[in-house]
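Student: The structure's right below; bear with me while I get my questions together.
The values are calculated or read from the model by the stated rules, or taken from the named source; none is laboratory data. This structure is a prediction, so every number in the text was calculated from the model and none was measured. In this analysis, Cβ positions are derived from the backbone assuming ideal geometry, glycine residues included, and neighbour counts consider all displayed protein chains.
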Amino acid sequence: MEPIVQARGLRKCYGELTVVDSIDFAVQPGECFGLLGPNGAGKTTTLKMLLGMVVPDGGELTVLGHPIPAQARHMRQRLGVVAQQDNLDPDFTVVENLRTYADFFGISSHEISARLDSLLTFASLEHKADARIDALSGGMKRRLAMARALVNDPQLVILDEPTTGLDPQARQLIWQRLRTLLQQGRSLILTTHYMDEAQRLCDRLAIMDNGRILDVGTPKALIARHIEPHVVEIHGPGLEAFRHGPHVLRSELIGETLFCYTDSERALVDALCEHPQLSYLSRAADLEDVFLKLTGRELRE
Amino acid sequence: MRAIIQALLSLRWLAVWRRNARVWGKLAGPAMLGNIGEPLLYLLALGFGLGALVGEVEGVSYIAFLASGFVCASVMNTASFEGIYSAYTRMAVQETWTAMLYTPLSVADILLGETVWAASKALLSAAFVLLVAGFLGAVDGWLALWVLPVALLTGLAFAAMALVITAISRSYDFFLYYFTLLLTPMLLFSGVFFPLDDMPGLVVQLTALLPLWHAIELVRPLMSGEIPGQIPFHLLVLALYCLLPLWLATRLVSRRLHR
């Protein structure tokens, strides 16, 4: 099958600064593709190029079979976007937001009326149909923004940090809805700072930094490729002794915590039990370890 | 310019117009009260109050002279406020335009919709001033109905100019430059309140470069039952004041939002 998105050598510079540096990636139909990276990695610029909002300085880009930006308008007819800042229309109620947005796609009032109920159900906002936007919680707004992105029944939905700023309950509901979209056969592209979110939702993801894609793969493959299977985090006086503890393949001292990477945590944990002054956490390696290994630990501000 | 003409013919901008009309419809009551109340009060107070001192101006009663100026001034004010404060809010604060750009709408579609919308509001306010003026006996004959298309064209011009200012603004404070340096002098020196005959020649020449004077040159005769002179010239100037700013605003807003 033809990919939903195909980028080859995609590049964007602002003056001297190369924000996106010749990246290649493809998104397959029906998959959830994640873009991960620290602030300033080039995620948002990449998304804006996909939307046709920013014109690339080099490379080729095809979205939903249309060359971008040349045919961006045609492509957007079948695209849904959920922006980081919800930019809902504060002058309108929930239903008016959906109706007005449908009008921008040239969808008739009759046609959108027939679909309003299912959109409201999707957003779990049946009881808020006539509420003003400022009366909605953060989670409700985000769900409405998602429903609004579906008025044109898009094949591809792009979400920029869909759960940033939401409480755990609200995030769970968003994740459920994103899975619903995948079950309906839509493709998703999302950016996120939350590794747990990426690990849960994304079929494949690309880790970006400084405008480049450092690696692409399934969450499992990325972890297997870059990190030993187990991580033991040790905290307390005398932890230095464990830098070369049993089965420790690699270790890092970050601040006051020692990270020991191992293929077998048993022996290490047994040894730690003899040092009650040390606290430790033994866990499986996860995406966050991969992310920090690839992008470094310096603060990005 | 081609993008604007294509956008105009596609009629996609109508969706933007309808969005604004829907919002306006929610507060149409107070808005229309203002549309009628303001000119009624001003024409009554200035027309009869000052009119008693002034008597006739250019062969018509002062209230008739003032009414034709007022039609044009209300077009200027309405289109400018909508194109500046309301449009800026939609662009920079509510990010309504950004959300529109995720749909098949383009910057040209959005700005056309905004321009025609602001001009529509201006047309409505002109119609109300005309109605009030007619009610006060300050309108002479049905030729005055030709004022409405002139008001629409003038509204388009002031809306397009306002959108240029909106496109380059970083905050609401910036608009004061436009109001103080351009709109207020235009209002005072284009012949809204008094004829320009006794003004220094330079003032008259500068005024003739600005759109409000051309609108008044068309509207004033029409409201006193006469056919204006140099109609094509005045229309051409007003048309240029629509097209050039619209083209410029489209470029500026594209640069601002597409990055």
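Student: Being part of a helix (DSSP H, G or I) and within 14 Å of chain A (Cβ to nearest Cβ) is true for just one of B:A45, B:A31. Which residue is that? Walk me through how you get there before you give the answer.
Tutor: Values: B:A45 fails: within 14 Å of chain A (Cβ to nearest Cβ).
Only one candidate qualifies: B:A31.
Student: Next up: Any idea which of (1) closer than 25 Å to A:G40 by Cα; (2) modelled with pLDDT under 95 is the one A:C202 doesn't satisfy?
Tutor: For A:C202, the failing item is (2).
Student: For the stretch B:163-177, which residues satisfy the criterion of being surrounded by fewer than 13 Cβ atoms within 10 Å (Cβ to Cβ) and either assigned to a helix (DSSP H, G or I) or of a type outside the set (S, T, Y) (or both)?
Tutor: Just the residues of the stretch B:163-177 that are surrounded by fewer than 13 Cβ atoms within 10 Å (Cβ to Cβ), to begin with: B:170-171, B:173, B:176-177.
Those that are surrounded by fewer than 13 Cβ atoms within 10 Å (Cβ to Cβ) and either assigned to a helix (DSSP H, G or I) or of a type outside the set (S, T, Y) (or both): B:R170, B:D173, B:L176, B:Y177.
Student: Taking the stated definitions as given, is A:I223 outside any helix (DSSP H, G or I), in contact with a strand residue (DSSP E or B) (Cβ under 9 Å, 6 or more places away or on another chain) and within 30 Å of A:L205 (Cα to Cα)?
Tutor: It is false that A:I223 is outside any helix (DSSP H, G or I), in contact with a strand residue (DSSP E or B) (Cβ under 9 Å, 6 or more places away or on another chain) and within 30 Å of A:L205 (Cα to Cα).
Condition check ((1) in contact (Cβ under 8 Å) with a residue 40 or more places away in the chain; (2) closer than 23 Å to A:A206 by Cα; (3) out of contact with any strand residue (DSSP E or B) (no Cβ under 8 Å at 6 or more places or on another chain)) across all residues:
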| site | (1), (2), (3) |
| --- | --- |
| A:E16 | no, no, yes |
| A:V27 | yes, yes, no |
| A:T44 | yes, yes, no |
| A:P56 | yes, yes, no |
| A:V63 | yes, yes, no |
| A:H74 | no, no, no |
| A:D103 | no, no, yes |
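Student: Every residue in the stretch A:176-227 that is in contact with a Leu (Cβ under 7 Å, 6 or more places away or on another chain) and free of Cβ contacts under 8 Å to residues at least 40 places away in the same chain, please.
Tutor: Matches in the stretch A:176-227: A:L181 only.
Student: If you scan the stretch A:166-179, which residues turn out to be closer than 9 Å to A:G139 by Cα and surrounded by 13 or more Cβ atoms within 10 Å (Cβ to Cβ)?
Tutor: Within the stretch A:166-179, A:L166, A:A170, A:R171, A:L173, A:I174 meet the criteria.
Student: Determine, yes or no, whether B:A138 is assigned to a helix (DSSP H, G or I) and small (G, A, S).
Tutor: Working: assigned to a helix (DSSP H, G or I): no; small (G, A, S): yes.
Judged against the criteria, B:A138 is not a match.
Student: Which one is nearest to the other protein chains (Cβ to nearest Cβ) among residues in the stretch A:11-46 that are part of a loop (DSSP other than H, G, I, E, B) and more than 28 Å from A:V290 (Cα to Cα)? Lay out the reasoning, then the answer.
Tutor: So in the stretch A:11-46, the residues part of a loop (DSSP other than H, G, I, E, B) come out as A:15-16, A:28-31, A:37-42.
With more than 28 Å from A:V290 (Cα to Cα) added as a condition, the list becomes A:15-16.
Numbers: A:G15: 12, A:E16: 16 Å.
Among residues in the stretch A:11-46 that are part of a loop (DSSP other than H, G, I, E, B) and more than 28 Å from A:V290 (Cα to Cα), the one nearest to the other protein chains (Cβ to nearest Cβ) is A:G15.
Student: Next up: Residues of the stretch A:65-76 being surrounded by fewer than 19 Cβ atoms within 10 Å (Cβ to Cβ) and either of a type in the set (D, E, K, R) or out of contact with any Leu (no Cβ under 9 Å at 6 or more places or on another chain) (or both), which ones?
Tutor: A:G65, A:A70, A:Q71, A:R73
Student: Additional query: Report those helices (runs of 4 or more DSSP H) wholly inside the stretch A:47-165 carrying at least 1 residues which are more than 9 Å from every other protein chain (Cβ to nearest Cβ) and in contact with a helix residue (DSSP H, G or I) (Cβ under 6 Å, 6 or more places away or on another chain).
Tutor: Numbers: elements: A:72-76, A:94-104, A:109-122, A:138-148.
Passing ranges, in order: A:94-104, A:109-122, A:138-148.
Student: Right, next: Just name the residue that is farthest from B:L163 (Cα to Cα) out of those in the stretch B:178-221 that are surrounded by fewer than 21 Cβ atoms within 10 Å (Cβ to Cβ) and of a type in the set (S, T, Y).
Tutor: Here the residue is B:T207.
Student: Still on this structure, please answer the following. Please find, within the stretch B:91-110, the residue that is nearest to the other protein chains (Cβ to nearest Cβ) out of those that are part of a helix (DSSP H, G or I) and over 23 Å from B:W247 (Cβ atoms). Don't jump to the end; show me each part of the working.
Tutor: First pass over the stretch B:91-110, keeping only residues part of a helix (DSSP H, G or I): B:91-93, B:96-101, B:107-110.
Applying the additional criterion that residues be over 23 Å from B:W247 (Cβ atoms) yields B:93, B:99.
On the way: B:V93: 9, B:A99: 4 Å.
My answer is B:A99.
Student: Of the residues A:G236, A:G245, only one is in contact (Cβ under 8 Å) with a residue 24 or more places away in the chain, on the phi > 0 side of the Ramachandran plot and out of contact with any Asp or Glu (no Cβ under 7 Å at 6 or more places or on another chain); which? Let's see the steps before the verdict.
Tutor: Numbers: A:G245 fails: on the phi > 0 side of the Ramachandran plot.
Criteria check complete, one pass: A:G236.
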